[in-house]
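Enquirer: Have a look at this one.
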Amino acid sequence: MLYNKIFYRLHAVKPPRKEEDGNLPLESALRDWWIAYPAPVSEVQHLDCGDVANMMRNGSEKQGDYVVIDVRRKDHAGGHVRGSVQCPAQTFYDDLPSFYERFGEKKQVVFYCGSSHGRGPRCARWYQDYLNAKGDTRSEALVMRGGIKEWKERFGGDDGLTDRDAD
């Protein structure tokens, strides 16, 4: 039997930035990927980088009680919190059920991105929304204040706290 295969290749092209009233760029789902998803409603607590470092160093929290999540995409190799798990923000919302299966029993799930002003807090809030919808109070989403930028400034030279993958 002969089968015909048809393959489609889609290409998305970012439109040039246009300005509204000379100031604000128009929203674009190609540029601003998060607008394709529901806005998170939960508020989450922030931890200082030093608090995360203390959790790692002192063993005051058992390793099994927390996980650190890096929601950056391709820049993980440039340095990251040692032991952190990479879960890119752009696919995070769609992967919430499997993320919950993997990390739902952790007491603290700490998110960070470059500066923890966008992707990190957004993913933390989505995860907290998911926990709240399930009525799960065993786990809590947190954000590492300052993100990897502050982490590298403070702990970049400490191989016990910072890891670098090969580029």
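Enquirer: Quick one: which residues, 5 or more positions from VAL143 or on another chain, have an amide H under 5 Å from its amide H? H modelled 1.01 Å from N in the peptide plane, none for Pro or chain starts.
Expert: GLN45, HIS46, LEU47, PHE111
Enquirer: While we're looking at this one, here's another question. Between GLN90 and ARG73, what length in nm is gained on full extension when 0.36 nm per residue of separation is reduced by their alpha carbon distance? Walk me through the intermediate numbers first.
Expert: On the way: separation 17, 0.36 × 17 = 6.12 nm, distance 0.80 nm.
Contour length minus the Cα-Cα distance gives 5.3 nm.
Enquirer: Follow-up. Which GluC sites (Glu not before Pro) in segment 75-165 sit in a loop by DSSP (not H, G, I, E or B) and have at most 14 other Cβ atoms within 10 Å of their own Cβ? Don't jump to the answer; show the numbers that get you there.
Expert: Details: sites: GLU101, GLU105, GLU140, GLU150, GLU153; in loops: GLU105.
Sites meeting the loop and neighbour criteria: GLU105.
Enquirer: Exactly which trypsin sites (Lys or Arg not before Pro) in segment 114-150 are in a DSSP loop and have at most 10 other Cβ atoms within 10 Å?
Expert: Numbers: sites: ARG119, ARG122, ARG125, LYS134, ARG138, ARG145, LYS149; in loops: ARG138, ARG145.
Those that pass, being in a loop and sparsely packed, are ARG138.
Read-outs throughout are calculated quantities, based only on the coordinates presented, and are distinct from any laboratory measurement. None of these values were measured; they are calculated from a predicted model. Virtual Cβ from ideal backbone geometry, glycine too; neighbours counted across all protein chains shown.
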